[in-house]
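Notes for the one structure printed next.
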Amino acid sequence: MAMKLIAQVKLQPTAGQYQSLLNTLETVNDAANYISQHAWETKTFRQYDLHHLLYYDIRNRFALTAQIVVRVLSKVINGYKLDRKCLRKFKRHGSIAYDKRILSWKADAVSIWTTGGRLKIPFVAGDRQKELLQHRSGEADLVLRNGEFYLHQVCEMEEPPPGDPREFLGIDLGIVNIAADSDGALYSGGQVNGLRKRHAKLRGRLQSKQTKAAKRLLKKRSRKEKRFATHVNHCISKSVVAKAKDSGRGIALEDLTHIRDRASVRKAQRRQHHSWAFSQLRQFIEYKARLAGVLVKLVDPRNTSRTCPQCGCIDKHNRPSQSLFSCVSCGFSAPADTVAASIIAGRGLVNDPYFSPVPSGVG
């Protein structure tokens, strides 16, 4: 079984090549909007029909080659697959897809079609991206972000079959501690939460000024917090998966789907609660575990922080503070997040219920 991953590389065009790439984005997206307008007015949403109606018109009107016309038609149709209730519009500098007929990879450069002709443009990539590029499959997207051009190439990696572990490494997700495992390791969220708090104060001051310089600084810093939190989640997930693989265990995670709808917090905690990137951390753990052949199991999160691992007592008073667990029944005491992670690990060992199918004719 193969998993699809994205290898992101940064292009290093000359000034002339940069302008050609920019013109290409603008021309292709202008063509996409022209096709979209026609599709909306005529209610023609099948690629086969649009191809026969507009193929030669698009080639002549926008001076595009055959294969790029096919790609832009596909882009419009994919947009209408999401929603046919309104006219689909495409940003002038929105990403466009390339296949192997109009993009080829060299050792340290790409040969890419543009409106200015075929160009050979060098790129830079990390060791991980270069490894992924050995497994290229499918399309690559040309993306303009913050004035820089990137290629996002789809790659397919083979997954080893997951084992059948007899033990699980429980992972408790939180805010004060981003994660805690059943072995007692804590992954503190203090650095991330501190950065978010500083950024929130800075955004408030800059937004109140409403000057051009303040808006430029807001735009410059807009992605910094997100990049840092993503980096931390990558580091935590890598450490968790490595520990589980080295010890021959599976990974047990709480199923926190729709947690923000179920949980209520005080007004002062809303910003912190809604910036909690637990879903991203879970995704990182899951895909890294699949590549490592480690089984991941989602368990019921109810009462994991209130259950005593010694006597099984469930009581909200077992959690006298955020950091401490102290059982009111047997007196067992330990760090609260570690206790919750151990409960999660135990639930990972419980087999999922099996429901036999109801025979036909039985109601």
**OP:** With the checklist (1) in contact (Cβ under 8 Å) with a residue 12 or more places away in the chain; (2) under 29 Å from residue 278 (Cβ atoms) in hand, flag the one item residue 131 doesn't pass.
**Re:** (1)
Original post:
Taking helices (runs of 4 or more DSSP H) that do not extend beyond region 8-118, which have at least 3 residues that are touching a residue at least 40 places away in the same chain (Cβ under 8 Å)?
Top reply: 15-42, 66-82
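If I filter region 63-85 down to residues being of a type in the set (Lys, Arg) and out of contact with any helix residue (DSSP H, G or I) (no Cβ under 9 Å at 6 or more places or on another chain), which single residue comes out as surrounded by the most Cβ atoms within 10 Å (Cβ to Cβ)? Give the steps one after another, and end with the answer.
Within region 63-85, the subset of a type in the set (Lys, Arg) is 71, 75, 81, 84-85.
Applying the additional criterion that residues be out of contact with any helix residue (DSSP H, G or I) (no Cβ under 9 Å at 6 or more places or on another chain) yields 81, 85.
Details: 81: 9, 85: 6.
Taking the candidates together, the pick is 81.
Among the listed residues 302, 290, 306, identify the single one that is assigned by TED's automatic domain parsing to the domain that holds residue 344 and over 30 Å from residue 163 (Cα atoms). Before you say what the answer is, go through the steps one by one.
Details: 302 fails: over 30 Å from residue 163 (Cα atoms); 290 fails: over 30 Å from residue 163 (Cα atoms).
None of the other options fit; the residue is 306.
Suppose we keep only residues that are among the charged types (D, E, K, R) and surrounded by fewer than 19 Cβ atoms within 10 Å (Cβ to Cβ) within region 275-296. Which one would you say is nearest to the chain's Cα centre (by Cα)?
Going residue by residue through region 275-296, those that are among the charged types (D, E, K, R) are 282, 286, 288, 290.
Still in the running and surrounded by fewer than 19 Cβ atoms within 10 Å (Cβ to Cβ): 286, 290.
Numbers: 286: 11, 290: 15 Å.
Taking the candidates together, the pick is 286.
The values are calculated or read from the model by the stated rules, or taken from the named source; none is laboratory data. Fair warning: this is a prediction, and the values are worked out from it, not measured in the lab. Every residue, glycine among them, receives a Cβ derived from its backbone with ideal geometry; neighbour counts consider all protein chains shown.
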